[in-house]
Structures are given as structure tokens and as C-alpha cells.
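These notes are about the structure you will find just below.
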Amino acid sequence: MKVLLVSPGFHGYHSAIAAALTARGHEVSTHVYDAHEGVAGRAWHQVRHQLPRRLGAGSLRRLAQEETAGALAAAEHSHPQAVVVVKGDTLEQPFWDALDGIPRITWLYDEVRRTRWTTERLARIGPIATYSALDDVDFDAAALDSRHLPLAYDHRLVASPTTRHTPVVTLIGARYPVREQVLTVLHDHGVPVRAYGRDWSSHPVDRLRTWRLGTPGVPAGRDLARAAAYDVMASSAATLNLHGDQDGFTMRTFEAAGVGGVQLIDRTDLEGLYEPGTEVLPWTTPEELTDLCQRAVADAAWTHRVREAARARTLAEHTFDHRVAVLEDAWDTA
């Protein structure tokens, strides 16, 4: 089928979804609805939309209108036989109206409370897949056509993860208060840690991009492209996956396991995804986390078993190919 994929640009995951759709025999065209190409494009986006909002003078309504117009044009140009939308909360009703009669599915990788979606709006757009088990329960109660669909690992990005190992515990991702607190505790207890991301970096460009002067008191590096992030996770003695108040499992859950990383996860509700203690390492207290980090740095034989089990489980059950099969079933029955 001719499939139109409409997605945000977030870390290029649309490429993984498109590749999985292509592997199932579809002809895929992709529209990245929030693309701001090049340095000039990103700078103009900051000046036109983000800066006024930070100053309390903008609502991003114009941005939503621009994104809707772009997605609508992509739908009209591609003449799709099926449409997969990822997130899509900024796309206004004219876009959805244009999809009437076309098999489609919308995949949400955030809890609804973090987006502009409401249950009422979602009821008008067709089948939904959500990474949030709690949202799926709410959608079912509201009689929405919904299914729970966790996120996934892009197994095509790095065919053979690195076998190089370093005695460092890493975190790759945004600098949220709970994450900084966890890293600070580990650092203070002598665990070798390193965080990666623009919010952590002391580089002048990163401080400018994140509108700040100071930097956190833990070792840090700059943003990593996804392939480089996979390499860091695979080579680390262990890598942290910290969710905070999310009930859905982050993409990092499947990526860290998929590359054969030793994943330290702040969740215990892993039933149906991974075997705790064997494939991933859950923790509930700072003391427990510190002990796991110290063992991961010191016990290579133990971590080797964890790495092998995590990667095998992920490749067998948690790739984008597995998820796309569910999306396909949803539009077939819509």
C-alpha cells in the first residue's frame, strides 16, 4: 500500500518507523510536520515562535496552523492508501478531515496530559495506539478505538553494537530535577558517572540553546546522535533509564536493552516486557542503585549475561517491525 507517515522529527524515529513499514512491503512517504531544516530554519523557529512564547507573548497558534497546512499538503500530494500519524497533537481539524475514508492510525508516545490532545478530540480522529497503559484504560472507558502499544528499538540503526566497555555509568537525556538528583547521589558516592545532552553540557552553544548560565556538578557531554547514543549505552558499565512520573516506558527502555546495555531502570512494573534482574536491573532506593552501579563496574561476567539476555529479548519482541505490525492491523480493521 501507499502509506503516508506524518511524524514529528524527534530524534529521527520516523526513519525507523518508515523502514519497518517498507520492510512489510509498503511504499512509504514521510512528512515531518515540525521540521525546521538547517541552522537558519532552527534560528527562525526560535525567533518566530519559541522566544515570544518564553516572553509570554505567544500561544503557538500560528505554528499549529503552519504545521497543519504542511501536513494537509502532504496528504493531498501523496494520495495515500493508509496514514500513520505519530503524536500529531498540534495538527488541527482540517488535516484530520482530509483523512476521512482513509485507513489510519495515530500512535501517541506521550501521556495525553503532556500533549494538546483531549479525549473529545481523539474520539474524532480514528484508531489510536498509545504507549501509556493508563491512557489506554481511560480511552477504553470512553469507548475510543484504542490499543496499548509500547515504544521500540531501532535495530537497523546500528547493526552490530560495540563490544568496547568503559567503567562509567551513563545517562543520556534531558536534565530533569530527579535525574540530576540521582546522578549527584551516585557521583557523591564515588560512582563514575557521565550525563549526555544539551541541558547537561557546559559548552557555550548548549548553554545558549537552553537559556542558562550555569552547569550541573556532574561530568557531562554534549548531545549525541542516536547512533552515537547507542554506542555509549552499549559500552557503558551500566546506563540509567529514569522515568519520573511517566507511566509509559520510554524509547530508552528498548534501546538500552536492544544494544546489549546494562539498563538500570526506575520501574518494577516490567511484566510482559523484560525479566527483572536478568534482562534489566530495576531499583527503588538510592542505596540499591549505588550497589548495582558498583557491581556493574566490577563484575564483567555478570553484566555480560545481562547484556546478552537483554539484547536477545529485544530483538525477538521489541523492534519497530513488531510495533508496525500492530499499527497495520489497526488500520486494516478501522
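Where a number appears in this text, it was derived from the coordinates with a stated rule and is not lab data. Worth saying up front: this structure is predicted, and the values here are computed from it rather than measured. Because the Cβ atoms are built from the backbone with ideal geometry, glycine has one as well, and the counts that use them run over all protein chains shown.
Annotations
- Full extension of the segment from LEU315 to THR268, taken as 0.36 nm per residue of separation minus the current Cα-Cα distance, would add 14.8 nm.
- Angle in degrees between helix 320-332 and the longest Cα principal axis of the chain, rounded to the nearest 10: 20
- Cβ-based net charge around GLY260, under 9 Å, with every Lys or Arg adding one and every Asp or Glu removing one: +1
- 0 to 90° range, to nearest 10: angle between helix 13-23 axis and the chain longest Cα axis: 70
- The GLU308 and GLU120 beta-carbon pair, evaluated with R₀ = 35 Å, returns a calculated FRET efficiency of approximately 0.15.
- Net length gained if the chain between THR163 and VAL137 were fully extended (0.36 nm per residue, minus Cα distance): 5.3 nm
- Summed residue charge, Cβ within 13 Å of VAL306's Cβ, Lys/Arg positive, Asp/Glu negative: +1
- In sequence order, the stretch 176-185 has phi-based couplings of 8, x, 5, 5, 5, 5, 4, 5, 5, 4 Hz under the Karplus curve 6.51 cos²θ - 1.76 cosθ + 1.60, θ = phi - 60°, and Gly or Pro positions carry x.
- Estimated FRET transfer efficiency (THR285, GLN246; beta-carbon r; R0 22 Å; 0.05): 0.65
- Amide H to amide H distances under 5 Å link GLY260 with ARG311, where only residues 5 or more positions off or on other chains count and H is placed in the peptide plane.
- Net charge, SER201 excluded, C-beta distance under 13 Å - Lys, Arg +1, Asp, Glu -1: +4
- Taken one residue at a time, the phi angles of the stretch 287-303 give Karplus couplings (6.51, -1.76, 1.60, θ = phi - 60°) of 5, 5, 5, 4, 4, 5, 4, 5, 5, 4, 5, 9, 10, 5, 5, 5, 5 Hz. Gly and Pro are set to x.
- Entry note, the chain: the mean residue ellipticity at 222 nm calculated from DSSP H runs of n ≥ 4, each adding -39500 (n - 2.57), is -12500 deg cm²/dmol after division by the residues and rounding to the nearest 500.
- Residues considered: SER202, SER235, SER160. Largest GNM mean-square fluctuation over the chain, using C-alpha springs under 10 Å, is found at SER160.
- A simple spin-label model places pseudo-atoms 7 Å from Cα toward Cβ; at ALA69 and THR184 they are separated by 4.6 nm.
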